[in-house]
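Q: Structure incoming, see below.
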Ligand SMILES: CC(=O)SCCNC(=O)CCNC(=O)[C@H](O)C(C)(C)COP(=O)(O)OP(=O)(O)OC[C@H]1O[C@@H](n2cnc3c(N)ncnc32)[C@H](O)[C@@H]1OP(=O)(O)O
């Protein structure tokens, strides 16, 4: 039986990070699929095509989502369902405690830390050097950006974006659909969706 081909969906910045993550795991994507691909476009030596129909592959295809936008990633995951690559992807330089739980299709990038009894939901992204401390949890389709830190026992809901370098104080919880700005400090739990910035973080009123 032949192995499934890996295909990356999306040709934005996150696609480059994913190629690097896959190669660190000795996996090579067959192609990158993006509706806006230019003729002959290549990314890091990989062809970018507008549709998987152009690949003429008879074998199974497993799609890995290179979509940083949480809502779009959720829509695409629901559209593709069984065609998605379901195993968590972890960079060899990340540390995942043996008691941590990683949801299907979660992506853990270089230097990230996922501590004891922490949980990462399905299709969540834990980006470069992010820290998910002991017993913290990250909801499905959330994205913890570069260098952000979730301190012990924090709980982040679904489809949240925690900006680069942000810190969430230990024990605090954040409801679904919250964006926390880069370098912000969340010292109180957040129970209303919206965008929160600053130190301490305050809701942006618009
Ligand atoms: C691999 C990777 O690159 S992963 C990508 C990681 N990217 C990030 O972490 C970026 C995170 N994004 C941010 O921090 C953005 O500034 C957001 C999402 C919080 C807000 O963006 P926008 O909606 O465009 O807001 P905008 O830039 O108009 O700012 C609105 C107000 O909030 C303030 N503000 C925006 N971001 C922040 C922040 N991080 N900290 C403090 N204040 C902020 C602005 O100064 C502005 O204040 P003013 O109205 O008094 O002038």
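No lab work stands behind these numbers, since they all come straight from the coordinates. All of these numbers come straight from a predicted model, not from anything done at the bench. Virtual Cβ from ideal backbone geometry, glycine too; neighbours counted across all protein chains shown.
Q: Binning every alpha carbon pair distance of the stretch 89-194 at 10 Å from zero, what are the percents per bin?
A: 19, 58, 21, 1
Q: Given the alpha-carbon gyration tensor of the stretch 1-122, what are the semi-axes of its equivalent ellipsoid in whole angstrom, ordered largest first, with each equal to the square root of 5 times an eigenvalue? All intermediate terms of the calculation are to be shown ahead of the outcome.
A: Values: eigenvalues 130, 45, 41 Å².
Values for the stretch 1-122, descending: 25, 15, 14 Å.
Q: Which whole-number percentage describes the relative contact order of the chain, with Cα contacts under 8 Å and a sequence gap of 6 or more?
A: Details: 573 pairs, mean separation 22.5, N = 206.
Over the chain, the number comes to 11 percent.
Q: How big, in percent, is the set of alpha carbon pairs in the chain lying more than 20 Å apart?
A: Numbers: 11546 of 21115 pairs.
The calculated P(r) of the chain puts 55 percent of pairs beyond 20 Å.
Q: A follow-up question, please. Listing 197, 19 from the residue with the fewest other Cβ atoms within 10 Å to the one with the most, what is the order? Intermediate values should be presented prior to the final figure.
A: Values: 197 16, 19 21.
With the fewest neighbours first, 197, 19 line up as 197, 19.
Q: Give the angle, between 0 and 90 degrees and rounded to the nearest 10, that separates the Cα long axis of helix 70-80 from the longest principal axis of the Cα atoms of the chain.
A: The two axes meet at around 40 degrees.
Q: OK, next. Could you check what % of the DSSP bridge pairs in the chain are antiparallel, to the nearest 5?
A: On the way: 4 of 47 bridges.
Percentage antiparallel, nearest 5: 10.
Q: Could I ask something else about it? With N denoting the number of residues in the stretch 123-180, provide Rg(C-alpha) divided by 2.2 N^0.38 Å, to two decimal places.
A: Numbers: Rg = 9.4 Å, N = 58, 2.2 N^0.38 = 10.3 Å.
Relative to the 2.2 N^0.38 Å estimate, the stretch 123-180 comes out at 0.92.
Q: If you don't mind, another one. In a GNM of the chain with a 10 Å cut-off on Cα contacts, which of 59, 34, 191 has the highest mean-square fluctuation?
A: In this elastic network of the chain, the residue with the biggest mean-square fluctuation among 59, 34, 191 is 59.
Q: On to the next question. Between residue 206 and residue 146, take the C-beta separation as r, use R0 = 25 Å, and let me know the FRET efficiency to the nearest 0.05.
A: Values: r = 25 Å, r/R0 = 1.01.
Efficiency for this residue pair is about 0.50.
Q: Here is a follow-up. Considering Cα pairs under 8 angstrom that are at least six residues apart, work out the relative contact order of the stretch 3-83 and quote it in whole percent. Please list the in-between numbers first.
A: Working: 119 pairs, mean separation 29.8, N = 81.
Once normalised by length, the contact order is 37 percent.
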